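Reading through the structure tokens given below for one structure.
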Amino acid sequence: MVALVGWQRVIARLVKKRFLSSHPHRALPAVPPPGVRGLSASNSSPSFGLLFDIDGVLVRGRNPIPGAAEAFRTLLDGSGKLAVPVVFVTNAGNCLRQERATELSRALGIEISANQVILSHSPLRLFKQFHDKCVLVSGQGPVEDIAKDLGFRNAVTIEAVREAYPLLDMVDVSRRPRGAISVSSKLPAIEAIVLLGEPVRWETSLQLILDMLLSAGRPAEWRGHPPDPHIPILACNMDLLWMAEAKMPRFGHGAFLLCLENLYHKITGQELQYEALIGKPSPVTYNFAEHLILSQARERGWRSPIQTLYAIGDNPMVDIYGANLYNRHLHRQKEEAPETRPHSCQSVLVCTGVYSDPGGVPSNTQERKTHTVFHGHRDFMFDPNMVVASHVVQDVGEALELILNKEGWKCSRDAQP
């Protein structure tokens with residue numbers, strides 16, 4: 001399985017301290033919200049960390065989910081700082097981390113640092129062997145700025161390829177070039193492809209990405225036979241579906257990848273291969289989140305080892321599968337570093353996003369796995385047990401209440417706000 005082989009290689013690089021030390025965690029403001037005295041526990045040093053999905057858990061599109069901000073404030077201590085280590089792990093990737101942190105700060109009413117946000121493409125910072133290569137980037141938003149922020153120094157956009165090779169994009173009649181065209185590419189050969197997220201014009205991106213794969217990054221020199229192997233592909237965000245303001249889930253980047261994989265196979269008879277698949281449910285992303293959690297604990301001076309991670313999400317095929325997969329990895333690693341690594345990663349499914357049960361929270365979560373259609377990526381083996389959450393709750397408020405009770409933490413509120 002390509003995805004699992006890839007993340008095992010990357011995990012060894014993730015533990016290098018120089019990455020964490022170069023991204024310090026910015027302290028949150030000591031301004032407690034009205035009506036909250038803060039968390040208390042027999043041990044003021046937390047032994048657990050929280051991994052929050054965003055879309056479908058805290059917000060729907062640009063709108064905060066009712067009660068999410070109020071629930072999140074129960075995690076603040078008496079001085080208004082987070083009393084436990086928290087990271088936000090999202091498969092969104094059409095912006096910079098600071099922009100997403102600003103949106104979250106506004107939605108939750110507290111300051112969130114960019115170093116607490118993990119976007120689907122954040123682990124690409126670690127793939128330094130590609131940072132000096134000429135890479136084609138696909139996605140939405142400021143893709144050139146995103147690529148630069150991740151460390152890529154020679155990124156080329158889909159639009160730049162269209163301009164260099166005006167005869168390639170022919171699906172939309174209205175976008176076809178008019179008059180005589182002389183093709184003389186000013187672009188260097190594309191050495192790798194970085195798929196940040198779903199593009200706006202799928203037909204254009206599918207066509208030009210396939211052109212690069214079939215020509216070894218040199219469409220002006222196409223010989224008619226696809227290279228084997230093709231140039232490397234690094235793909236972020238495998239979500240088939242995600243939840244916005246609409247009543248029904250919407251296509252995610254996983255749907256685009258499915259189209260790309262099937263087109264490549266139909267044309268060449270071969271399977272498309274990935275150098276890396278990152279974003280949830282990849283263990284690479286959860287390992288990245290774990291190290292940010294441990295970094296926060298060290299910087300705050302919390303001495304108790306982090307023993308348990310709680311991953312709160314709305315998508316069984318992404319959030320729950322990924323958390324359960326990482327929980328399996330932690331159990332396998334327990335004997336090697338029992339004092340320095342968390343012992344488990346518990347999955348918590350909320351019913352406010354992709355997963356929605358009209359009958360309320362099911363009393364027997366095991367019943368769902370017998371009716372499951374796997375929406376995960378083809379390179380991740382489907383095990384029905386992997387999409388069964390450790391806990392199923394109605395919303396993020398119930399999730400935090402459950403977790404705090406399990407950990408022996410209590411939240412006290414003033415009688416008068």
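The values are calculated or read from the model by the stated rules, or taken from the named source; none is laboratory data. Keep in mind the model is a prediction, meaning the values are calculated, not measured. Quick reminder, even Gly has a Cβ in these numbers, built from the backbone with ideal geometry, and neighbours come from all protein chains shown. Accessible surface areas use protein heavy atoms only, side chains included; no ligands, DNA or RNA. Shrake-Rupley method; radii C 1.70, N 1.55, O 1.52, S 1.80 Å.
Data overview
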| quantity | calculated |
| --- | --- |
| Residues of segment 298-326 that turn out to be crowded, with 21+ Cβ neighbours inside 10 Å and farther than 18 Å from T90 by Cβ, as a count | 2 |
| Those residues of segment 370-403 which are touching a Ser or Thr at 6+ places or on another chain (Cβ under 7 Å), farther than 30 Å from L258 by Cβ and assigned to a helix (DSSP H, G or I), in sequence order | L400 |
| Residue tally, condition modelled with pLDDT of 90 or more, hydrophobic (A, V, I, L, M, F, W, C) and open to solvent by 10 Å² or more (accessible area, probe 1.4 Å), over segment 171-208 | 4 |
| Positions within segment 237-276 being open to solvent by less than 20 Å² (accessible area, probe 1.4 Å) and of a type in the set (A, V, I, L, M), in sequence order | M238, M243, A244, A255, L257, L260, L272, A276 |
| Selection status of L108, within 30 Å of P66 (Cβ to Cβ), of a type outside the set (G, A, S) and at pLDDT below 95 | yes |
| Tally, over segment 131-170, of residues that are over 24 Å from N115 (Cα atoms), open to solvent by less than 70 Å² (accessible area, probe 1.4 Å) and part of a helix (DSSP H, G or I) | 5 |
| Extreme residue, nearest to S120 (Cα to Cα), among residues of segment 83-104 that are out of contact with any Asp or Glu (no Cβ under 7 Å at 6 or more places or on another chain) and not in a helix (DSSP H, G or I) | G93 |
| Any hit, segment 228-236, residues being in contact (Cβ under 8 Å) with a residue 40 or more places away in the chain, in contact with a helix residue (DSSP H, G or I) (Cβ under 9 Å, 6 or more places away or on another chain) and exposed (fewer than 15 other Cβ atoms within 10 Å of the Cβ) | yes |
| Residues satisfying the stated conditions in segment 71-82, i.e. assigned to a loop (DSSP other than H, G, I, E, B) and open to solvent by 10 Å² or more (accessible area, probe 1.4 Å) | D77, G78, S79, K81 |
| Residue that is farthest from the chain's Cα centre (by Cα), among those in segment 190-223 that are under 17 Å from L167 (Cα atoms) and among the small types (G, A, S) | A220 |
| Qualifying positions in segment 176-204 - in contact with a helix residue (DSSP H, G or I) (Cβ under 8 Å, 6 or more places away or on another chain) and in a helix (DSSP H, G or I) | W202, T204 |
| Test for Y286: is it part of a loop (DSSP other than H, G, I, E, B) and buried (at least 18 other Cβ atoms within 10 Å of the Cβ) | no |
| Filter result for L277 (of a type outside the set (F, W, Y), assigned to a strand (DSSP E or B) and touching a residue at least 60 places away in the same chain (Cβ under 8 Å)) | yes |
| Considering residues of segment 105-114 that are in contact with a helix residue (DSSP H, G or I) (Cβ under 9 Å, 6 or more places away or on another chain) and in a helix (DSSP H, G or I) only, the residue nearest to N63 (Cα to Cα) | A107 |
| E221 vs. criteria of a type in the set (D, E) and open to solvent by 40 Å² or more (accessible area, probe 1.4 Å) | yes |
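Residue-by-condition table, conditions (1) of a type outside the set (V, I, T); (2) over 18 Å from V393 (Cβ atoms):
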position: R62; (1), (2): yes, yes
position: P66; (1), (2): yes, no
position: T74; (1), (2): no, no
position: G78; (1), (2): yes, yes
position: F88; (1), (2): yes, yes
position: R97; (1), (2): yes, yes
position: T102; (1), (2): no, yes
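This table checks each residue for (1) buried (at least 24 other Cβ atoms within 10 Å of the Cβ); (2) at pLDDT 95 or above; (3) in a loop (DSSP other than H, G, I, E, B); (4) over 24 Å from the mean Cα position of the chain (by Cα).
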position	(1), (2), (3), (4)
S45	no, no, yes, yes
G49	yes, yes, no, no
P66	no, no, yes, no
A69	no, no, no, no
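For every residue, the table says whether it meets (1) modelled with pLDDT of 85 or more; (2) under 19 Å from the mean Cα position of the chain (by Cα).
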residue: G301; (1), (2): yes, no
residue: Q307; (1), (2): yes, no
residue: H329; (1), (2): yes, yes
residue: G360; (1), (2): no, no
residue: V373; (1), (2): no, no
residue: D383; (1), (2): yes, no
